[in-house]
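Right, one structure below, let's go through it.
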Amino acid sequence: MAQIGEQVDFLRFLPRDRRTSKTAWWIALLSAGPGWIVLGALKLLAGSFLAFFALSHGVSVEHAAEPAHMYLEAFRYVLSQPDLALALTGTFVILSQLKINVTNAYAGSIAWSNFFSRLTHSHPGRVVWLVFNVLVALLLMEIGVYKALEQTLALYSNVAIAWVGALVADLVVNRPLRLRPQHIEFKRAHLYDINPVGVGAMTIATIVSISAFYGSFGPTAKALSAFVALAVAFVTAPLIAWATDGNYYIARKPKRSWQNLEAIQCCICEHSFEPEDMATCPAYAGPICSLCCSLDARCHDLCKPHARIGAQVSETLGKLLPQPIYARVNSQLGHYLGVFAVSAGLVALTLGLIYLQTSTTAQLDTQLLSDVLWKVFFALTIIIGVVAWLFVLAQQSRRAAESETRRQNHAADPGNRRA
């Protein structure tokens, strides 16, 4: 489902010009986007058939869903030589696993690269993140996460379906009802850091579905937790879009005069890119590509200061809280408590998931496990408190240094001195 949902992202590269062949344009649209559901459905049907075929030929329920047993029974049925069937099964499984791992390593390196380039404004290279991704996978394998793979994937499915549900609701409900702008923007320089429609709907659906997954709403909801995620995201996304009046989709309007250009040169790296990958930069007074925009750490999103996450949080808290309380929250102590609460919450969530997963998959004393995890949490809380304070102080020092640098540059500029 998540892989099918990702296909909509590729449609940004589909040319808007339909004059050459309207039929070919629609075939390309359906093939590159929603048409992938056809391949996905065929794969699901084929896997269900092989599982049923394995069960009907004596394979136990515990092993009927394992690829090796499914393929072995299928090859035994069509081939008269058992050794050849076993060899084909081994070859097929090995090739499939190689393909899956290579694809995941490549996709994971892209995800890590995008995440850290946006967060740290640095890009050491895709190979670094490829090695990092493989090392993380090996670490997870060594600590035994893959032994509970079914539980892990079932938990992840709730997050993936919540994302897909919010995405589908935004495209098939919000857009026709004009709860959102008709133009779908992909460039980060033109977007708010946080759109409460997608982020809010996905977060709410994830919390509700994971609660259902662990039995909070009964056995039926537990078995249908993925459908709970889909339904909640599908309902909450239009409601949030209506409540926010669709104001958090586009932070600034694109430059219309670029639409008919084939390529535009970046004023930083001087490479040429398509207009869909370019944005106007007021800090450098010229067009800038998406990579240079992500790696720049000095402008602080001068093109959209109101759309940064800090400005969004401050605006929201300013509307919700009285001024005296908001002033305390927006202080150095308030920033520290916010960083501490978020960090401690993530650690608590991780340890809670470990407890729930371990208690349901292993024969352990749950009380002993709970006591150990509580001690680990409180020990980590002390470390989090110290690191959070250092982080806040470092951020304050950085802002002070940048402010002083801007003041010195402003004072040293001849034009300012004449003025």
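The values are calculated or read from the model by the stated rules, or taken from the named source; none is laboratory data. All values reported here derive from a predicted model rather than from experimental measurement. Every residue, glycine among them, receives a Cβ derived from its backbone with ideal geometry; neighbour counts consider all protein chains shown. Calculation scope for accessible area: heavy atoms of the full protein, side chains included, ligands and nucleic acids excluded. Shrake-Rupley method; radii C 1.70, N 1.55, O 1.52, S 1.80 Å.
Quick rundown of the values:
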| quantity | calculated |
| --- | --- |
| For the chain, alpha-carbon Rg over 2.2 N^0.38 Å | 1.19 |
| Cα-centre dipole for the range 295-393 with unit charges at Cβ (Lys and Arg positive, Asp and Glu negative), debye to 20 | 320 |
| Whichever lysines have a C-alpha closer than 29 Å to that of Lys375, once near sequence neighbours (fewer than 8 apart) are set aside | Lys147 |
| Selection from Thr103, Ala54, Gly345 lying farthest towards where the dipole of the chain points positive, charges on Cβ | Gly345 |
| Accessible area (Å², per residue) of the chain, counting only protein heavy atoms and a probe of 1.4 Å | 65 |
| The chain, relative contact order [Cα under 8 Å, separation at least 6], % | 11 |
| Nearest-10 value in Å² for the accessible area of Thr220, using the 1.4 Å probe | 100 |
| Solvent accessible area, Å² - Met202, 1.4 Å probe, full protein context | 60 |
| Residue-wise HN-Hα coupling along the range 160-170, computed from phi with Karplus coefficients 6.51, -1.76, 1.60 (Hz; x: Gly, Pro) | 5, 5, 4, 5, 4, x, 5, 5, 5, 4, 5 |
| Relative contact order of the range 260-419, pairs being alpha-carbon contacts under 8 Å that are 6 or more residues apart, as % | 12 |
| GNM flexibility winner over the chain from Pro196, Pro282, Pro238 (Cα, springs under 10 Å) | Pro282 |
| Approximate shape of the range 97-235 as ellipsoid semi-axes (Cα gyration tensor, √5λ), whole Å, largest first | 29, 26, 12 |
| Candidate residues Val199, Val159: accessible-area rank, largest first, probe 1.4 Å | Val199, Val159 |
| Cα pair distances exceeding 17 angstrom across the range 196-297, given as percent | 65 |
| Between the range 63-93 and the range 149-213, the Cα center-to-center distance that results, in Å | 39 |
| Calculated [θ] (222 nm, deg cm²/dmol) that DSSP helices of n ≥ 4 give over the chain, each run adding -39,500 (n - 2.57) | -22000 deg cm²/dmol |
| Listed residue (Leu119, Ser211, Gly35) projecting farthest to the positive dipole end of the chain, Cβ model | Leu119 |
| Cβ-placed point charges (K, R +1; D, E -1), dipole of the chain about Cα centre in debye, nearest 20 | 1560 |
